[in-house]
Amino acid sequence: MAALEIIDWPIAIVIAVGHEIAHRARTKALRELAEGVEAGA
């Protein structure tokens with residue numbers, strides 16, 4: 001979107017960083033859930 005000048009570059013960077021943080025948190029939560037399921041099995 002920033003390349004098409006729909007949004008400014010600083011906003012695009014903030015969105016990308018936020019997306020990466022959310023992705024890592026979600027991945028960690030899923031990994032911990034899977035470990036809990038394996039431990040209970």
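Mind checking the dipole of the chain: about its Cα centre, +1 per Lys or Arg Cβ, -1 per Asp or Glu Cβ, Debye to the nearest 20?
100
How far is helix 9-40 tilted, in degrees, relative to the longest principal axis of the Cα atoms in the chain, given as a value from 0 to 90 rounded to the nearest 10?
Roughly 10 degrees, rounded to the nearest 10.
Counting other Cβ atoms within 10 Å, which GluC sites (Glu not before Pro) in the chain have at most 11 and lie in a DSSP loop?
Hits after loop and neighbour filter: E5.
When the scattering of the chain is computed by the Debye formula from its Cα atoms alone, each counted once and equally, what is log10 I(q)/I(0) at q = 0.16, 0.28, 0.35 Å⁻¹?
Taken in order of the listed q values, log10 I(q)/I(0) reads -0.54, -0.85, -1.01.
The numbers here are math on the coordinates, done by the rules we state, and not lab data. From a predicted model like this one, the values you see are computed outputs, not experimental measurements. Methodologically, a virtual Cβ is constructed for each residue, glycine included, from the backbone with ideal geometry; neighbour enumeration extends over all protein chains shown.
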